[in-house]
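Peer 1: After the structure tokens below, expect a handful of questions from me.
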Amino acid sequence: MQTADVKVKAVVTRAVPYNESDMIVTLVGVDRGVLTATAKGCLKPRAKLRYAAEPMNFGDYVLSGRNGRYVITECSQIESFSKITTDIEKYYAASLVLETLQKGSREANPDLFILALKTLDTLAYGEEEADDTVRDFLLGFLDISGNGLDFAHCNVCKCDIDSNAYFKDADGIVCEHCRGLDGILIDNVTRAYLAKQSNTTHPLKIKSNILLADFVYMTTGVRISTHYFTEQL
Ligand SMILES: [Zn+2]
């Protein structure tokens, strides 16, 4: 059986143990989308490619195999983002980024790949609170997928919104006057936070980001269900 090497710049989004010392690694490649590959023997002591199977690892991978069955043969690490693992809130935020990257990359999605890398970089080296980074990432993902939401203006009458707003499938974010008979309520504290107009508490930021993730699901079909939400409420 012929095999061919695949070279890909990729991020590890998931890794699960397999057999005694192998890992099954899910990779998202900048120009390939989601790939699955085995990291053979990487759980053995002093395994050379251990880091290649760590979630968040970003590197130049060489995979060997065919028809979607690959083995990782080489990896030249570009960035581990391992600093993120020292802060639990940033770690949860990073898990949300990885899940979104994987689910949003069934086809190659270079814009999302770049947004995810920038976000991991901010989580590792930036001063921003993790919740704010998650908000900005989800807003960026909506923009990339052509579903950008503006929480500062009504999408129908274009007024500046300074009170409760509403989300409607057909219209996006609208004001009280334009809501009609339906629409999902966005209270003003949540709205102002999502519009980047004001700060709020950690629990309210989480609640705001859960609502934002609901809008992501309704507009893009990507359902996000990470520890960022489940562990922090
Ligand atoms: Zn309006």
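Peer 1: Can you pull out every residue in the stretch 135-146 that is in a loop (DSSP other than H, G, I, E, B) and either within 14 Å of the ligand (Cβ to nearest atom) or within 23 Å of Thr226 (Cα to Cα) (or both)?
Peer 2: Ser145 - this is the single residue of the stretch 135-146 that is in a loop (DSSP other than H, G, I, E, B) and either within 14 Å of the ligand (Cβ to nearest atom) or within 23 Å of Thr226 (Cα to Cα) (or both).
Peer 1: Of (1) aliphatic (A, V, I, L, M); (2) outside any helix (DSSP H, G or I); (3) touching a helix residue (DSSP H, G or I) at 6+ places or on another chain (Cβ under 9 Å), Ile78 satisfies all except one. Which?
Peer 2: (3)
Peer 1: Moving on. If I filter the stretch 2-14 for residues that are of a type in the set (A, V, I, L, M, F, W, C), in the same structural domain as Thr122 (by TED's automatic domain parsing) and modelled with pLDDT of 95 or more, do I get at least one hit?
Peer 2: There is no residue in the stretch 2-14 that is of a type in the set (A, V, I, L, M, F, W, C), in the same structural domain as Thr122 (by TED's automatic domain parsing) and modelled with pLDDT of 95 or more.
Peer 1: Still on this model: Starting from the stretch 219-231, keep only residues that are farther than 13 Å from Val134 by Cα, then list their pairs with residues that are surrounded by fewer than 18 Cβ atoms within 10 Å (Cβ to Cβ) and of a type in the set (Asp, Glu) whose Cβ atoms are within a distance under 9 Å, requiring at least 6 positions of separation or different chains.
Peer 2: From residues that are farther than 13 Å from Val134 by Cα, the pairs are Thr219/Asp169.
Peer 1: Condition first: surrounded by fewer than 19 Cβ atoms within 10 Å (Cβ to Cβ) and among the hydroxyl-bearing types (Ser, Thr, Tyr). Now tell me which residues in the stretch 64-90 satisfy that.
Peer 2: Scanning the stretch 64-90 gives Ser64, Thr73, Ser76, Ser80, Ser82, Thr85, Thr86.
Peer 1: To continue, here is another question. Residue under question is Ile173, and the condition is that it be out of contact with any helix residue (DSSP H, G or I) (no Cβ under 7 Å at 6 or more places or on another chain) and surrounded by 14 or more Cβ atoms within 10 Å (Cβ to Cβ); does it hold?
Peer 2: The answer is yes for Ile173.
Peer 1: Quick check: anything in the stretch 41-51 touching a Phe, Trp or Tyr at 6+ places or on another chain (Cβ under 8 Å) and either within 30 Å of Phe137 (Cα to Cα) or of a type in the set (Ser, Thr, Tyr) (or both)?
Peer 2: Within the stretch 41-51, not a single residue is touching a Phe, Trp or Tyr at 6+ places or on another chain (Cβ under 8 Å) and either within 30 Å of Phe137 (Cα to Cα) or of a type in the set (Ser, Thr, Tyr) (or both).
Peer 1: Give the residue that is surrounded by the most Cβ atoms within 10 Å (Cβ to Cβ), with candidates limited to residues of the stretch 181-233 that are among the hydroxyl-bearing types (Ser, Thr, Tyr) and farther than 25 Å from Asp162 by Cβ.
Peer 2: The selected residue is Tyr228.
Peer 1: Separate question: If I go through the stretch 147-191 residue by residue, how many of them are more than 10 Å from the ligand (Cβ to nearest atom), part of a helix (DSSP H, G or I) and farther than 22 Å from Leu204 by Cα?
Peer 2: 0
Peer 1: Starting from residues that are in contact (Cβ under 8 Å) with a residue 60 or more places away in the chain and either in contact with a strand residue (DSSP E or B) (Cβ under 7 Å, 6 or more places away or on another chain) or of a type outside the set (Asp, Glu) (or both), keep the ones in the stretch 115-129 and report whichever is surrounded by the fewest Cβ atoms within 10 Å (Cβ to Cβ).
Peer 2: Top of the filtered list is Leu117.
The values are calculated or read from the model by the stated rules, or taken from the named source; none is laboratory data. On a predicted model such as this, the values are computed, not experimentally measured, just so you know. All Cβ positions, even for glycine, are placed from backbone atoms using ideal geometry, and neighbour counts span all protein chains on display.
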